[in-house]
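Here's the structure we're looking at; comments come further down.
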Amino acid sequence: MDFRVLGWISVALAVIASSPYWLKALNKWTFKTKDKRFLNLIKRLRPIHKAAGILLAAIALVHGWMALGGRIGLHTGFLAYLGFLLTIILGISFYYAKDRRAFKGHKVMALIGFLLIMLHLIRPWALGEWFGVW
């Protein structure tokens with residue numbers, strides 16, 4: 001399988017993993033629906049959130065390994081991976097400790113992870129160019 005396909009699968013998994021939050025926020029800010037079908041959809045997406053996050057961590061790692069030919073380097077994809085890894089750690093921390101600060105950090109890091117994915121999609125070699133590594 002091509003590393004590009006794995007990259008797009010990673011993007012799809014990130015969108016799926018974050019969907020309970022952004023669907024709830026979108027409803028709160030725009031639609032304001034109380035339709036049981038919509039609320040049940042969000043409820044059914046919550047367990048998928050965890051599985052999609054775990055799959056994202058695994059597939060993104062394989063994607064990076066294949067894309068860089070088995071080496072690890074200073075790359076925007078590596079930063080995005082670290083961002084989502086920290087997101088996972090904060091999510092696990094909230095799950096076990098029930099610390100609201102960890103949950104807020106989890107959401108903020110998810111947003112930063114998405115911004116890093118956007119940077120990675122637009123300019124994958126930006127870090128090397130900015131810091132003169134290559």
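Efficiency by 1/(1 + (r/R0)^6): what FRET value for MET1 and ALA97, r their Cβ-Cβ distance, R0 = 25 Å, to the nearest 0.05?
On the way: r = 38 Å, r/R0 = 1.51.
My answer for the efficiency is 0.10.
So what is the 222 nm mean residue ellipticity for the chain from helices alone, if each DSSP H run of at least 4 adds -39500 (n - 2.57) and you divide by all residues, rounding to the nearest 500 deg cm²/dmol?
-28000 deg cm²/dmol
Please sort 55-62, 73-80, 42-49 by packing, taking for each peptide the average over its residues of neighbouring beta carbons within 10 angstrom, highest first.
Listed from highest to lowest mean packing, they are 73-80, 55-62, 42-49.
Quick one: which of 96-103, 19-26 comes out on top by average Cβ neighbours within 10 Å, and what's the full order, highest first?
Working: 96-103: 11.8, 19-26: 14.6.
Order by mean packing, descending: 19-26, 96-103.
How much length is gained if the chain between ILE54 and TRP130 is pulled fully straight, taking 0.36 nm per residue apart and subtracting their Cα-Cα distance, in nm to one decimal? Display every interim value, and only then the final one.
Numbers: separation 76, 0.36 × 76 = 27.36 nm, distance 3.13 nm.
Answer, rounded to one decimal: 24.2 nm.
Mind pulling the angle between the C-alpha long axis of helix 100-122 and the longest principal axis of the chain? Nearest 10 degrees, somewhere in 0 to 90.
Roughly 50 degrees, rounded to the nearest 10.
So, R0 is 25 Å and r is the distance between the beta-carbons of LYS34 and ALA12; what FRET efficiency does that work out to, to 0.05?
Efficiency at R0 = 25 Å is approximately 0.30.
Using a Förster distance of 22 angstrom, determine the FRET efficiency expected from the C-beta separation of LYS24 and LEU85, and round it to 0.05. Mind showing how you got there, number by number?
On the way: r = 24 Å, r/R0 = 1.09.
FRET efficiency, LYS24 to LEU85: 0.35.
Taking 8 Å as the Cα distance limit and 6 or more residues as the minimum spacing, I'd like the relative contact order of the range 1-56 as a percentage.
Working: 29 pairs, mean separation 31.3, N = 56.
Computed over the range 1-56, the figure is 56 percent.
What list of ³J(HN,Hα) values in whole Hz, one per residue of the range 51-68 in order, does the Karplus curve 6.51 cos²θ - 1.76 cosθ + 1.60 (θ = phi - 60°) give from phi, with Gly and Pro shown as x?
Result, rounded to whole Hz: 5, 5, x, 5, 4, 4, 4, 6, 5, 5, 5, 5, 4, x, 4, 5, 5, 9.
In degrees from 0 to 90, rounded to the nearest 10, what is the angle of the helix 76-97 Cα long axis to the longest principal axis of the chain?
So the helix axis and the longest Cα principal axis differ by about 40 degrees.
Radius of gyration and Dmax for the chain's Cα atoms, expressed in Å?
Both quantities, over Cα of the chain: 16.4, 54 Å.
Since every read-out is calculated from the coordinates, none of them should be taken as a lab result. Quantities reported herein were computed from a predicted structural model and do not represent experimental measurements. No Cβ is skipped: glycine too gets one built from the backbone with ideal geometry, and neighbour counts run over all protein chains shown.
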